[in-house]
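The structure appears right after this line, and notes come after that.
Bear in mind these aren't lab numbers, they're just calculated from the coordinates by the rules spelled out. The structure presented is a predicted model; accordingly, all values stated were derived computationally and were not measured. All Cβ positions, even for glycine, are placed from backbone atoms using ideal geometry, and neighbour counts span all protein chains on display.
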Amino acid sequence: MLVIRLTRVGKNNEASYRIVVAEKRKAVKGEYQELIGFYNPSEGKKINFKKDRVEYWVALGATPSDTVASLLKNNGMSGMEKFMAPRNLKRASKDPEVIAAIAAKAAAAAAPAVEEAPAA
């Protein structure tokens, strides 16, 4: 399974990240298929990525990590909401019904719409 994720580079206390496409089971700092961008939080959260390559890999089935999906969404990439985990689960009340409702809403947003075939 392919995943679009961050891999850390840079000096101590001066982190910067590469946005890469890699196998999920590979080490985070290990091999990757393609380098598709950079993220540098120390320089004003500067991000640079190849939008067409992100779209290509997502079309092939690569799943962006939650952090990468959030970064891409905040920088003009559409369709990343379905890859992002719900942010308000931690702040939700301890009531199991509320948590179940939030999780169901997130699952419904992530699931593709399926039409039933007409009965013959």
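Here are the numbers:
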{"read-out": "At R0 = 22 Å, FRET efficiency that the Cβ-Cβ distance of residue 53 and residue 13 yields, to 0.05", "value": "0.15"}
{"read-out": "Cα shape, the range 2-80, gyration tensor, a/c 1.5 rule", "value": "oblate"}
{"read-out": "Using a Förster distance of 25 Å, the FRET efficiency for residue 26-residue 82 (Cβ separation, nearest 0.05)", "value": "0.55"}
{"read-out": "Partner lysines for residue 105 [C-alpha distance under 29 Å; skip if fewer than 8 residues away on the same chain]", "value": "24, 51, 73, 82, 90, 94"}
